[in-house]
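Laboratory data are not the source of any read-out in this text; all were calculated from the coordinates shown. Since the structure is predicted, the reported quantities are computational estimates derived from the model, not experimental observations. Neighbour counts run over all protein chains shown; Cβ positions are idealised from the backbone, glycine included.
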Amino acid sequence: MKTNLQKVLYISGYPGLFSLISQGRNGVIVEAMSDKKRMSAGPSMRVTNLSEVAMFTDTDEIPLKEVLLKIKACQNGEPAIDHKSDATALHKFMETVLPNYDRDRVYTSHIKKLVEWYNILQKNDMLEFEDDENDTKEETENKE
């Protein structure tokens, strides 16, 4: 089954990733990928879906989905290094995955989150992604 990154959420201040279960007037119901516990994320919480996240490179931004696929290719689908590794190891890993990442704007904390998110998605067998509507539109336009 393919993963829709719009339904994979990061909630600022909470560890790990969450799956969107339901949406209501007063926020969303989410389920933690780590322990499957459900909770309500209210409007005051900073909730981001992973389809909105991108990594800075020297020339532009690359959607998180593409970065995750690059990690998957580099790791042959296996887990990445531990997100608690030291800064030098994390930056060396990032250079392997995305050699042109912007070293001035991509901080160690960003790489830690990226590696943690990749490992969570890998553990839950969620590294096959649905095509975005934008991808589908571009492919259609390119074929014409």
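Highest mean first, what order results for 17-25, 114-122, 60-68 on Cβ atoms within 10 Å?
Top to bottom by mean Cβ count within 10 Å: 114-122, 60-68, 17-25.
In whole angstrom, note down how far apart the Cα centers of region 47-72 and region 1-39 are.
Cα centroid of region 47-72 versus Cα centroid of region 1-39: 19 Å apart.
Under 8 Å for C-alpha pairs, at least 6 residues apart: give me the relative contact order for region 53-123, rounded to a whole percent.
After rounding, I find 38 percent.
Pairs of Cα atoms under 8 Å, at least six residues apart: use those to get the relative contact order of the chain, whole percent.
24 percent
Which of E95, E31 comes first, and how do the rest follow, when ranked by fewest Cβ neighbours within 10 Å?
Fewest to most other Cβ atoms nearby, the residues stand as E95, E31.
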